[in-house]
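Engineer: So that we are looking at the same thing, I have put the structure below in structure tokens.
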Amino acid sequence: MTYNLLNYGDDDDRESYYQEIIGEIQPDLIVCQEVVGITGYNHFLDDVLNIVQPNEWSGADFTNQSASQDIALYYKLEHFSFISTAIINTAQSSGTRDVVEWVLEHVESGVQFR
């Protein structure tokens, strides 16, 4: 699943909506756009994902982007193992972002993917 969180930082007003959506869709992996720093990253994991499905979620290593908004990867521990995070430098001007490459392994098949 991919989800633009619209500049999500430490915003309690939207948590119940995110919780309802995640609860209905039941994704195993989520890439989120427009996460505001490590605060938004942790807040979404702790106050959205782990409320809907306690202790089932983890997140890939967080990396601050060159722009003011970041992206984040969350995954269910029963299905995926985290391998690595790498930054591919592509940002050339204000407002553009580098690419984040995550490597995970599918637990059941042992297949690694990016």
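Engineer: Return the residues of region 17-39 that are part of a helix (DSSP H, G or I) and modelled with pLDDT under 95; say none if nothing qualifies.
Structural biologist: G37, I38, T39
Engineer: While we're looking at this one, here's another question. Out of all the residues in region 37-55, which are farther than 14 Å from R14 by Cα, in contact with a strand residue (DSSP E or B) (Cβ under 7 Å, 6 or more places away or on another chain) and not hydroxyl-bearing (S, T, Y)?
Structural biologist: G37, N50
Engineer: For region 4-26, what are the residues that are crowded, with 17+ Cβ neighbours inside 10 Å and out of contact with any His (no Cβ under 9 Å at 6 or more places or on another chain)?
Structural biologist: L5, Y18, I22
Engineer: Within region 70-83, does at least one residue satisfy the condition of being of a type in the set (S, T, N, Q) and out of contact with any His (no Cβ under 9 Å at 6 or more places or on another chain)?
Structural biologist: no
Engineer: Would you be able to say whether some residue in region 36-47 is loosely packed, with under 14 Cβ neighbours inside 10 Å, farther than 16 Å from V100 by Cβ and free of Cβ contacts under 8 Å to residues at least 12 places away in the same chain?
Structural biologist: yes
Engineer: Looking only at region 54-84, count how many residues are loosely packed, with under 15 Cβ neighbours inside 10 Å and either among the polar types (S, T, N, Q) or without any contact (Cβ under 8 Å) to a residue 12 or more places away in the chain (or both).
Structural biologist: Residues that pass the stated criteria total 6.
The values are calculated or read from the model by the stated rules, or taken from the named source; none is laboratory data. Being a predicted model, the structure only gives us computed values, none of them experimental. When we count neighbours, we look across all protein chains shown, and the Cβ atoms used for this are built from the backbone with ideal geometry, even at glycine.
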